[in-house]
Each structure stands twice: as C-alpha cells, then as structure tokens.
1. So in segment 41-61, with the set limited to residues that are within 29 Å of residue 24 (Cβ to Cβ) and among the hydroxyl-bearing types (Ser, Thr, Tyr), which one is surrounded by the most Cβ atoms within 10 Å (Cβ to Cβ)?
2. Considering only segment 17-53, state which residues are closer than 14 Å to residue 69 by Cβ and either hydrophobic (A, V, I, L, M, F, W, C) or not assigned by TED's automatic domain parsing to the domain that holds residue 69 (or both).
3. Given 159, 130, which one is at pLDDT below 80 and either over 18 Å from the mean Cα position of the chain (by Cα) or of a type in the set (Phe, Trp, Tyr) (or both)?
4. Among the residues of segment 47-86, write down those that are closer than 24 Å to residue 17 by Cα, over 13 Å from the mean Cα position of the chain (by Cα) and not hydroxyl-bearing (Ser, Thr, Tyr).
5. Can you tell me which residue within segment 114-134, out of those that are assigned to a loop (DSSP other than H, G, I, E, B) and in contact (Cβ under 8 Å) with a residue 40 or more places away in the chain, is farthest from residue 71 (Cα to Cα)?
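The values are calculated or read from the model by the stated rules, or taken from the named source; none is laboratory data. This is a predicted model, so every value here is computed, not measured. Every residue, glycine among them, receives a Cβ derived from its backbone with ideal geometry; neighbour counts consider all protein chains shown.
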Amino acid sequence: MNSSTENAPECTSCELTDDLNLLRGIDFFARIPLDGLKILAYLCTRETYKPGDILFSQGDDDGQAFYLITGKAKLSYKNENGQQVVRDVEKGDFLGRLVLLGSMPRLFTLTAETETTCLVLERAKFLRTFEQFPGLTDKVFQAIIESIVGWDRRFLSSFKEGCNTCCDMVGISLI
C-alpha cells in the first residue's frame, strides 16, 4: 500500500471535521445538535468552480445551498435592462437556506469570479436528516426567524424617514 492510499481515510476524516466546523459557524445550523450536524456534514459535498462557472441560475430550482469556503462570486439579476450585479459574494457567505426547506425558483444567478470552493448541501439530503431528527424543524425555523428579524434590524439602522422606497421594503419580519 503506498503512502497516498494510506493517508486517504485520514484526509477524508479531516475534511469531514472541517465541514462540521464550517456548519457549526453558520447561524442557520447553530441550534442543531451535534449528532444532526455530523450527519449534515457527511451529506455535504465540496465543489470547486472556475471563473465564469455558474453555481446557480435565475429561475432554476436546483434545491442546493452554498457556503463559500474560498473564492469570490457575483450575484446578479436579469431584468428588462439586462444583467444587473446585485453584490459580491465571498468566503464565509451562505446562500440558499430557504431552498433547503422547499421548492422555490432562484431569483438570482451566482457566477464564480475566481476559483471558488463551496460546501454544497442538497434539499433532499437535508430533509432526510429531518426524518431522523424530527426535533430539528423547530430549531431551523427559529434560525430563519432570527435571520429575518436581523435583516429588518439592519435595514432599520439605515432607514431614512420619508423614503417611499424604503417604506415599502421595511417590515419583512411582519410577514
């Protein structure tokens, strides 16, 4: 047995531990017990994208959430004026948490700007974990609620009174 073969299980174990630690740092997964997180870490895959590769496209329902481990990507939206860049996405950003819970078309396109490695979790695998750990549902929904309230709080900190556009956008937590 050569040395690269001998190290293979250890490397897989290290990556699994790294993935577990990444999940533990994401607010969406913060309330999930360690046993559930271990399963989710095992079910995740690591995908590497080259500059110009599309991670997901507007209108698609791919059922995948992405955590950027390395790299940089552009989030864009196509409208009557063409493709509009919304924002940069970088290491540590987690996109697609709601996609894990149910079918929904993407509102945006995400394109790799540099070589980008992501931790990817598929909806079907995520929901299968719920079958094994029924108590996860409450914990995940609490994380979503906190995320929505946090969005409103950040928005309110920059809210300008009298801005009609702002008035229409504030209050997402009232849904």
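1. 49
2. Once the filter is applied, which keeps residues that are closer than 14 Å to residue 69 by Cβ and either hydrophobic (A, V, I, L, M, F, W, C) or not assigned by TED's automatic domain parsing to the domain that holds residue 69 (or both), segment 17-53 yields 20, 22, 23, 26, 41, 44.
3. Criteria check complete, one pass: 159.
4. Within segment 47-86, 47, 71, 72 qualify.
5. 133
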